[in-house]
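Peer 1: Take this structure, written in structure tokens, and hold onto it; I'll ask about it next.
Only the coordinates and a few stated rules stand behind these numbers; no lab work does. Remember, predicted model here, so these are calculated numbers, not experimental data. Because the Cβ atoms are built from the backbone with ideal geometry, glycine has one as well, and the counts that use them run over all protein chains shown.
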């Protein structure tokens, strides 16, 4: 048994599973994710016994076992992830390439020095450096990619790691190992550099798309804000005009009240006072909270609710300065509020209501929306949140809510009971 090769492969598997654990948008708890990764690691080591020990000289066995290991690795990556699409496959394939870079370094150092201890130490060091650099540099970008679909199709991007993996395999492992053909060392090292440069270009492109998308949504919210200011300005002008008229007529009302009091017509006096109060209330500007951006979104949603004849009960506690990103927070409120209004708009009059609780303080955040429903609400089996029936171009609102909750370390839950739908986002800071 070649202990050197076995240990080298085990080290690679350890770092591959570590990569999956650190970068996965986990669909399980930390403990379950660790358990799955350990089971996968042990399975890979078991298959290595066939490839490296039992059938060490059989190329067909080497090929078949390698294919099985590739399938097991990618299945593990997709299985532990909450998001299971081409984005996760791209990262899983890329992780395999990153690990190969460390494995090749081990082989190169062994060829140059003849020392197994030195080669294992060098390979492990490269594994650690690559993992730490990737965690520091692309973890944020990758998180953004998982939060929102900035690129329509990742299947084409998956071809990049596939061809790099095939290139590494044929240059360094199959059918001739690097030890048997050391002339390939320079080519392999250049190939590794090319791979990292290519990934830098791809990820920078993805990051630029993410930034462009963020700017787009901020512009949308700013547009809402500007329109709301314009509406408020026009309303203030109209209210001022109405109040001027009221002030002008108040002496007439005062005279009428004095006359009616003399005649002891208290009922008529109350009617006049009620009318004056109504005029004042109608010309009062409603301010829902102290934060301008959030107030704009709530104002627009309330206007939409009034146009749909939906009654809204608001329980708000929103300070001027927020402990979270104001644009993201406003977007989440808009998404949840709009979904509730859409759900309630076709109901009969007595059921057309929405209850909203929005509290954001220095130590916690809670968003709760409650409304009645009649149409079936389909919940996603992975996230537990409502699935859109509008096809692939819809459903991004819930993705945005879930991504926001992940960013602030919060939880989102919903349930349907007795015709009542309730969704809650909670985070403790």
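Peer 1: Starting from 0.36 nm per residue, how many nanometres of slack lie between residue 270 and residue 129 once their C-alpha separation is accounted for? Present the calculation step by step, with values, prior to reporting the outcome.
Peer 2: Values: separation 141, 0.36 × 141 = 50.76 nm, distance 8.07 nm.
My answer for the length gained is 42.7 nm.
Peer 1: Hey, what's the Cα Rg ratio for the range 286-429 versus the globular rule of thumb, 2.2 N^0.38 Å?
Peer 2: 1.01
Peer 1: Computed FRET efficiency, Cβ-Cβ of residue 61 and residue 141, R0 41 Å: what is it to the nearest 0.05?
Peer 2: 0.55
Peer 1: Mind sorting 252, 359 by how few other Cβ atoms lie within 10 Å of their own Cβ, fewest first? Before the final figure, lay out the partial values.
Peer 2: Working: 252 9, 359 14.
Placing the least packed residue first, the sequence is 252, 359.
Peer 1: If you take the Cα Rg of the range 27-104 and divide it by 2.2 N^0.38 Å, with N the number of residues, what do you get?
Peer 2: Scaled against compact globular proteins, the figure is 1.20.
Peer 1: Sticking with this structure for a sec: Using Cβ counts within 10 Å as a stand-in for footprinting exposure, how do 64, 192 rank, fewest first?
Peer 2: 64, 192
Peer 1: What ranking do 47, 379 get, fewest neighbouring Cβ atoms within 10 angstrom at the top?
Peer 2: Taking fewest neighbouring Cβ atoms as first place, the list is 379, 47.
Peer 1: Between residue 338 and residue 200, what length in nm is gained on full extension when 0.36 nm per residue of separation is reduced by their alpha carbon distance?
Peer 2: Net length gain for the segment: 45.8 nm.
Peer 1: Given 0.36 nm per residue, what is the gain on full extension from residue 30 to residue 208 after removing their alpha carbon distance, in nm?
Peer 2: So the extension gain works out to 61.0 nm.
Peer 1: Can you give the percent of C-alpha pairs in the range 299-359 whose distance is more than 18 Å?
Peer 2: Across the range 299-359, Cα pairs with separations above 18 Å total 36 percent.
Peer 1: Can you pull the percent of Cα pairs in the range 3-218 with separation above 28 Å?
Peer 2: 29
Peer 1: Cα atoms only, the range 49-152: Rg and Dmax in Å?
Peer 2: 16.9, 48
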